[in-house]
Ligand SMILES: [Cu+2]
């Protein structure tokens with residue numbers, strides 16, 4: 001009886017150690033992810049949702065609807081259609097995004113620097129779920145909307161940052177022109 005008790009305690013300790021090291025690794029990854037995301041959101045010193053590319057818009061202010069199709073092609077590429085978009089500074093766009101492919105895709109709107117940071121993060125944490133107003137992940141056959149106000153002129157990007165998709169062609173350009 002005494003022997004059994006010692007054995008049980010020993011097993012418990014082993015299990016306890018395994019659990020502790022497992023949760024440490026997970027916690028570290030999460031902290032790192034959070035740090036990068038926070039740094040990104042606050043980089044311009046404005047409201048957390050305001051970015052170089054603009055800010056979330058209100059549906060009633062949208063002056064243009066742009067439908068974007070995400071899909072794979074027969075020759076193995078992954079594409080957005082259209083892939084070049086022109087808008088005017090100050091304009092609010094209602095993006096209607098449709099995944100007509102056979103796998104998940106996402107639409108992320110940002111400047112080039114933000115896209116590259118987000119891409120690196122996705123390669124590190126492929127299963128990360130983002131809850132950002134400038135991005136949307138869709139399962140095959142689904143559609144969604146992003147209402148966005150372009151507050152700054154310049155050249156921006158939209159991209160799918162699921163690992164491998166950007167390299168397969170899932171990127172597009174947005175030019176925001178200053179209106180006179
Ligand atoms: Cu994709």
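The values are calculated or read from the model by the stated rules, or taken from the named source; none is laboratory data. Computed from a predicted structure; not experimentally measured. As a convention, Cβ positions derive from the backbone with ideal geometry for all residues, glycine included, and neighbour counts pool all protein chains shown.
For the reader, a short list of remarks on this structure follows.
- Tally, over the stretch 144-164, of residues that are crowded, with 23+ Cβ neighbours inside 10 Å and within 16 Å of the ligand (Cβ to nearest atom): 4
- When the stretch 74-93 is filtered for residues that are closer than 19 Å to residue 50 by Cβ and buried (at least 18 other Cβ atoms within 10 Å of the Cβ), the ones remaining, listed by number, are 87, 91, 92, 93.
- Odd one out for residue 96, checked against (1) free of Cβ contacts under 8 Å to residues at least 60 places away in the same chain; (2) part of a loop (DSSP other than H, G, I, E, B); (3) surrounded by fewer than 17 Cβ atoms within 10 Å (Cβ to Cβ): (2)
- Residue match in the stretch 134-143 (condition: surrounded by fewer than 19 Cβ atoms within 10 Å (Cβ to Cβ) and more than 16 Å from the ligand (Cβ to nearest atom)): no
- Residue list for the stretch 135-173, restricted to those being in contact with a helix residue (DSSP H, G or I) (Cβ under 8 Å, 6 or more places away or on another chain) and within 12 Å of residue 104 (Cβ to Cβ): 161, 162, 163
- Flag if residue 151 is in the same structural domain as residue 91 (by TED's automatic domain parsing), closer than 27 Å to residue 58 by Cβ and not in a loop (DSSP other than H, G, I, E, B): no
- Looking only at residues of the stretch 43-66 that are modelled with pLDDT of 95 or more, assigned to a strand (DSSP E or B) and within 19 Å of the chain's Cα centre (by Cα), we find that the one that is farthest from the ligand (Cβ to nearest atom) is 55.
- Which numbered condition residue 172 fails, given (1) surrounded by fewer than 13 Cβ atoms within 10 Å (Cβ to Cβ); (2) part of a strand (DSSP E or B); (3) within 15 Å of the ligand (Cβ to nearest atom): (1)
- So residue 115, is it assigned to a helix (DSSP H, G or I), within 16 Å of the ligand (Cβ to nearest atom) and closer than 18 Å to residue 54 by Cβ: yes
- Selection status of residue 121, touching a residue at least 60 places away in the same chain (Cβ under 8 Å), away from the ligand (no atom under 11 Å from the Cβ) and within 15 Å of residue 51 (Cα to Cα): no
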